[in-house]
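The structure appears below as structure tokens.
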């Protein structure tokens, strides 16, 4: 039977970042993923300079042969209402394709990689875990997204008792005719909130690639919302009339309302498996990467603790500092509570106020973009 120091289930940004940090410290790491890479991933697809810095990304090397589009402009508003245009003096984000980005990080991390194989079994044996009856590790990390089987093992009721956000998205390479028909600027993501404020749609062009999607807290009739959003864009002449209609789905948890247990003896969750998406934007890349960094710090500290024997270094008590670090970084969760729906009159008032604010340039720049989507108020993790 093969063995390793740490086995990571999921090769996305969280899993590959954790592997990268642990490999740099000399650990033997294996990543297991049910997909083969490169693979498509539902995501609007941009990263902030904070992510670039945290990953120590060589931007010149990355940009060779891959999409890496500087972003200095945004359009925001409510679907069907006034558009607000915001421009910055310098680059505030970068457009990427998850198809390329995730594959790059996975190749860079240096871990042993097992692709195209799902986690079929997880058994506790001795002082560790046996995965799929052939891989033994004292620590298994769940980094497989919202439906990660390690999260299920820790008691998550996937899609049952959890309030999920669901999104549908498509990213495709436009033909020459579609490029001529597309009126979306290459360096300017467009973000439009639903009228009831329960979600937003986006359009993002990256060279000849066009990304369109919509996500909602209330996923009832999501496909109808997506279809109506795309039809409006076609009627406005913004996107090609023959834009593909086969959208891909994705689900995730917003950090304040995610009730998941994150650690137990020899088990730990990071990224979307831990329910870390930012509540306003639903962005998961930065919190996923930062959770991996914090998890690596906890794992390495546990290994270096002379007061703890090797057989006990990954007990729950040794992994709990990771949970405390997440709380310090992202705030306290609301104990799995769900937001209380306001009454009809309060709902109308909130919508009226929100629509008024979303038309204001100051609010669009300093709240919607700076705080909700770019998180510029959040300092970098200490290196």
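Values quoted throughout were computed directly from the atomic coordinates according to the rules given, and no laboratory measurement underlies them. Computed from a predicted structure; not experimentally measured. Virtual Cβ from ideal backbone geometry, glycine too; neighbours counted across all protein chains shown.
Treat each spin label as a single point 7 Å out from the Cα along the C-beta direction, and report the residue 220 to residue 133 distance in nm.
4.5 nm
May I ask for the angle, rounded to the nearest 10°, between helix 13-24 and the longest principal axis of the chain, with both axes built from Cα atoms and the value confined to 0 to 90°?
Helix 13-24 sits at roughly 40 degrees to that axis.
What is the gain in length, in nm to one decimal, between residue 246 and residue 304 on full extension, counting 0.36 nm per residue of separation less the C-alpha to C-alpha distance?
15.9 nm
Quick one: order 191, 7, 222, 22 by neighbouring beta-carbon count within 10 Å, fewest to most.
Going from sparsest to densest Cβ surroundings: 222, 191, 22, 7.
Applying 1/(1 + (r/R0)^6) with R0 = 35 Å to the Cβ-Cβ distance of residue 280 and residue 24, what FRET efficiency is obtained, to the nearest 0.05?
So the FRET efficiency works out to roughly 0.60.
I need the calculated FRET efficiency for the pair residue 317 and residue 163, taking r as the beta carbon distance and R₀ as 22 Å, to the nearest 0.05.
0.15
Counting just the Cα atoms, what span does region 85-199 cover along each of its three principal axes? Round to the nearest Å and put the largest first.
60, 38, 32
Counting other beta carbons within 10 Å of each Cβ, put 56, 198 in order, fewest first.
The most exposed by this proxy come first: 56, 198.
Using every pair of alpha-carbon atoms in the chain, split the distances into 10 Å bins beginning at 0 and state the percent of pairs per bin, rounded to integers.
5, 23, 32, 24, 12, 4, 0
How far is helix 344-358 tilted, in degrees, relative to the longest principal axis of the Cα atoms in the chain, given as a value from 0 to 90 rounded to the nearest 10?
80 degrees
Please give the helix 98-109 orientation as an angle from the longest Cα principal axis of the chain, in degrees from 0 to 90, rounded to the nearest 10.
Orientation of helix 98-109: about 20 degrees from the principal axis.
Can you sort 148, 182, 109 by how many other beta carbons sit within 10 Å, fewest first?
Lowest count first: 182, 109, 148.
Shape verdict for region 267-383, please, from the Cα gyration tensor: rounded (a/c under 1.5), prolate (a/b greater than b/c) or oblate.
It is prolate, given that a/c is not under 1.5 and a/b is the larger ratio.
For residue 367 and residue 87, compute 0.36 nm times the residue count separating them, minus their Cα-Cα distance, and round to one decimal in nm.
Contour length minus the Cα-Cα distance gives 99.4 nm.
With labels modelled as points extended 7 Å from the Cα through the Cβ direction, what inter-label distance (nm, one decimal) is found for residue 73 paired with residue 334?
Placing both labels 7 Å along Cα→Cβ, they lie 3.7 nm apart.
Which percent, to the nearest 5, of DSSP beta bridges fully inside the chain are antiparallel?
65 percent
For the pair residue 197 and residue 232, how long in nm is the line joining their label points, each one 7 Å along Cα→Cβ?
Output for this residue pair reads 1.7 nm.
Which percentage, to the nearest 5, of the DSSP beta bridges contained in region 1-127 is antiparallel?
55 percent
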